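The values are calculated or read from the model by the stated rules, or taken from the named source; none is laboratory data. Keep in mind it's a predicted model, so treat the numbers as computed, not measured. As a convention, Cβ positions derive from the backbone with ideal geometry for all residues, glycine included, and neighbour counts pool all protein chains shown. These accessible areas exclude ligands, DNA and RNA; they are computed on the full protein's heavy atoms, side chains included. Shrake-Rupley method; radii C 1.70, N 1.55, O 1.52, S 1.80 Å.
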Amino acid sequence: MAAERRRRAGGGLSGLLLRVREEGKDSIPEHPYLYETDVEISLVGGSCKSPVEKFWNGSSAMYILQKATHNEESDSMEESRTDDAVFASEVLPKESPGALPLSIGRAKQLISLYTMVQNPNMTCLGMSDLDVLPPLWARCDGSDPQHTCWIGAEPLKAGSKVTGLNIYMVSCDGPTADKTRFPKLEELKMEHKIRHHSSVVTTKGFAQYELIAAAAIEDTFAESGSNIYVDITWNGVEKILETPPVISAATLNIALESGDPRSPVFPLYRELQVLLALAEGLKTGVTEWPEPSESESALKLVQEFLTDLKKKLDGDYVFENKNETEQIKCDTAAVDSCIKSIFGERGDLDFTEQLWCKMKSVISYQELIDCFTLVLKSLERGEIQPWIHQGSSSFLSQLIQQSYHGKMEDVSLSDITPIQMLLEVGLEKMKKDYVSFFIGQELATVTYLDYFISTSVDLQEQVHRVQKLHHMLEIMVSCTGLLQFRHENLFPLTQICMKYYKENPLNEKHVFQLPIRPALVKKFYQNDNPEVWKVEISSGHGQKEVKTTWQVSTNAPVEHGTSNNSGFLSDSTVNGSSEERLYFITMTQCSQVQFT
């Protein structure tokens, strides 16, 4: 009877797992599925964030099992309950109060059934040789002495046939600042050798350090969504929490949000916000005018600008003569000392660009019309003969070129016309700002920048691409100012960013990765505590390889376990000075089940 009940339970589970997999082939299902009356099954993969990524690096789709959210009774399961089990497969509502773990007993029971389902020798279940299921992970409540928080099973395959399973037990403890609770490396190695009957083991280390906190002055990015950190790996670990050796492999990870008021290019960011407001107004018919950056009104600034030009006008005057040209206060003049050398004022602002610097402070549609009215009247009367860049294609530039010949077309400053005119002028000016930086610093060629400054797409797309340019600029400036990067590091980072943005929309949460030498950033982390430190002990080769992983992390590795106080500092000190962080301790142990 017990064997029959077990086969029925296995058959019900295998049927549901197959259904979930089939329905998730094209897209990951949004809703979990109910197994029996107490277990939710979800398929995770693709762009979905893996809940086990902090301690398992498998990249394929996987099943996640947890306690059903509607079941508030104790889920300790007895084998006898499968007598009258209903193998339900209805889809649960999308709303969920959060991840709820299963009891250790129930999780082990499900892993046992999954093992039976994957065993090709169990022909009575009707599983064919081709029914290789994704790995399965079950959330656990940590109620056992080891505080087990996950149990996982991963198929071992030879071609299309399952030959066995890796079974993972993940335990979590903490947070703690008491390093006497940390084992010695030799103890971990010996435990692995005894468990797996191996005489030789290898070790691999991993450490992650946050660099912004170490490099930033006055926590420049502390409250933003920005993060710069480095992942370091090395072979031959000698002790727990050792600082990575110089010969390690390192990857810089950069996720940067634009718009920090303390950024040296924040004034340029504010210019960009004006562009975005104009683009939105062009699209929707409603313009939300940003707060002006100048104390004087845009209309007054334009009046003074035109008056000055009229006074200076003579037959031979051209704007290229910098001794006679008004020095325009460029928005990028606010850059701090570490950036001024690479992102200073452009000295070649033409008439339309200088006009943009005045008119970007407009606060209403009427003021916008008034400003352009003054400009067009001055052009029609021949009171000014402004110089513009060759190749400038904005509507205002075309009118200026017409004015050279004493005849301009009539312009009706109504509807969206003035908004589009200012948007075109701003786009041309800002494109030149970014091009000046990337070419001036030899980070890109005009050809490589062509995608970002192309006028062959509509204005909305042009604005979107300028946003990408600004995000890349913020990244370069931050790496220069905070990490003191030189051209040899900025150039490959620029290529990585541009390649991504030629293929993807703007995404300021994207993590850009750059392989670097650890020595480049060592001064920022050598005296700092890591966010994550991990040692991987392994033995065997190929499918016979087994691993034991021990790690500490400042953030809880699981969301359904102990997750309070993550990342806080304890009151204890090291040598009476530097603060010590609270760490969660995670241990992942692997064992194998062979079917052949």
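Using θ = phi - 60° in the Karplus curve 6.51 cos²θ - 1.76 cosθ + 1.60, the 3J(HN,Hα) couplings for region 391-403 round to x, 5, 10, 5, 4, 5, 5, 5, 5, 4, 5, 5, 5 Hz; x is entered for Gly and Pro. Heavy atoms of the protein chains alone define the surface here; on that basis region 460-569 has 43 Å² accessible area per residue at 1.4 Å probe size.
Counting heavy atoms of the protein chains alone, residue 387 has an accessible area of about 60 Å² for a 1.4 Å probe. For region 162-211, count all C-alpha to C-alpha pairs, find those more than 19 Å apart, and express that count as a whole percent of the total. Percentage above 19 Å: 53.
Quick check for you: with a 1.4 Å probe and neighbouring chains kept, what is the accessible area per residue of region 177-303, in Å²?
52 Å²
Fully extending the segment from residue 308 to residue 393, taken as 0.36 nm per residue of separation minus the present Cα-Cα distance, adds 28.1 nm. Among 310, 431, the sequence by solvent-accessible area, most first, with a 1.4 Å probe is 310, 431. Summarising the amide proton neighbourhood of residue 100: residues at separation of 5 or more, or on other chains, whose placed amide H is nearer than 5 Å comprise 67.
3J(HN,Hα) couplings calculated from phi for region 17-27 with the Karplus curve 6.51 cos²θ - 1.76 cosθ + 1.60 (θ = phi - 60°) are, in sequence order, 4, 5, 5, 4, 5, 5, 6, x, 5, 7, 8 Hz; Gly and Pro show x. Here's how it looks for residue 52: its modeled amide H is under 5 Å from none belonging to a residue 5 or more places away or on a different chain. Given a 1.4 Å probe and the protein chains as shown, residue 528 ends up with an accessible area of around 60 Å². Spacing of the modelled spin labels on residue 187 and residue 31, each 7 Å from Cα toward Cβ, amounts to 4.9 nm. Within the straight-line cut-off of under 30 Å between alpha carbons, the lysines reachable from residue 311 are 300, 322, 329, 358, 360, 377, 407, 429, 432, sequence neighbours fewer than 8 places apart in one chain being disregarded. The length gained by stretching the chain between residue 49 and residue 509 to full extension, at 0.36 nm per residue less their Cα-Cα distance, is 164.2 nm.
Relative contact order of region 112-205, taken over Cα pairs closer than 8 Å and 6 or more residues apart, is 19 percent. In terms of its C-alpha gyration tensor, region 373-466 has a prolate overall shape, because the principal axis ratio a/c (a ≥ b ≥ c, square roots of the eigenvalues) is not below 1.5 and a/b outweighs b/c.
For the peptides 149-159, 512-522, 497-507, residues were scored by their other Cβ atoms within 10 Å and the scores averaged per peptide; the highest-first order is 149-159, 512-522, 497-507.
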